[in-house]
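In what follows, a structure is listed as structure tokens, so that the remarks can point back to it.
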Amino acid sequence: MLNSGFWRYPIIETAGYFSVVVLCLVVSMALFEVVTKYKNWEEIKKGNVAVALATGGKILGICNIFRFSIARHSTLSEMIGWGLFGFTLLIIAYFLFEFMTPRFNVDQEIANDNRSVGFISFTISVGLSFVIGASIA
């Protein structure tokens, strides 16, 4: 934790971590928007539950990775660096999921509201975030 000067106050430290993680989450979600073949927020607005599940899993996964990073690292720059490294691993896992399912296209199935694929995507993101988080801690 940040224990000197201005950062020694828990409310300031919490607000700082919160702000930085929200910013990192926004950037991460924008990057996921680029790598998927569908528009996450447009599909969610239309009621696509599979996209909502996959997107929710990504959000939970990213936040979980940053949770581990906050708990382990004592400087803001270390926390951000390790959190972004963990996010990079989560993107790699996304591509591996696509690669490991050659019989169908994950993006297309999620875009078509295949909730089973959306749920598996959710589970992979959240599950691997625990592994990634534990390894960066």
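The table below gives the values:
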read-out: Residue tally, condition of a type outside the set (A, V, I, L, M) and farther than 30 Å from His73 by Cα, over region 111-137; value: 7
read-out: Verdict on Met1 being surrounded by 12 or more Cβ atoms within 10 Å (Cβ to Cβ), modelled with pLDDT under 85 and either under 14 Å from the mean Cα position of the chain (by Cα) or of a type in the set (A, V, I, L, M, F, W, C) (or both); value: yes
read-out: Region 26-39, residues that are of a type outside the set (Val, Ile, Thr), surrounded by 11 or more Cβ atoms within 10 Å (Cβ to Cβ) and touching a residue at least 40 places away in the same chain (Cβ under 8 Å); value: Ser28, Leu31, Phe32, Tyr38
read-out: Single residue of region 80-94 satisfying the filter (open to solvent by 50 Å² or more (accessible area, probe 1.4 Å) and without any contact (Cβ under 8 Å) to a residue 12 or more places away in the chain) that is nearest to Met29 (Cα to Cα); value: Thr88
read-out: Flag for Glu42 being open to solvent by less than 50 Å² (accessible area, probe 1.4 Å), part of a helix (DSSP H, G or I), without any contact (Cβ under 8 Å) to a residue 40 or more places away in the chain and of a type in the set (D, E, K, R); value: no
read-out: Residue ID - surrounded by the most Cβ atoms within 10 Å (Cβ to Cβ), chosen from residues in region 64-79 that are at pLDDT below 90 and among the aliphatic types (A, V, I, L, M); value: Met79
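The values are calculated or read from the model by the stated rules, or taken from the named source; none is laboratory data. These numbers come from a predicted model, not from an experiment. Quick reminder, even Gly has a Cβ in these numbers, built from the backbone with ideal geometry, and neighbours come from all protein chains shown. SASA here: full protein model, heavy atoms, side chains in, ligands and nucleic acids out. Shrake-Rupley method; radii C 1.70, N 1.55, O 1.52, S 1.80 Å.
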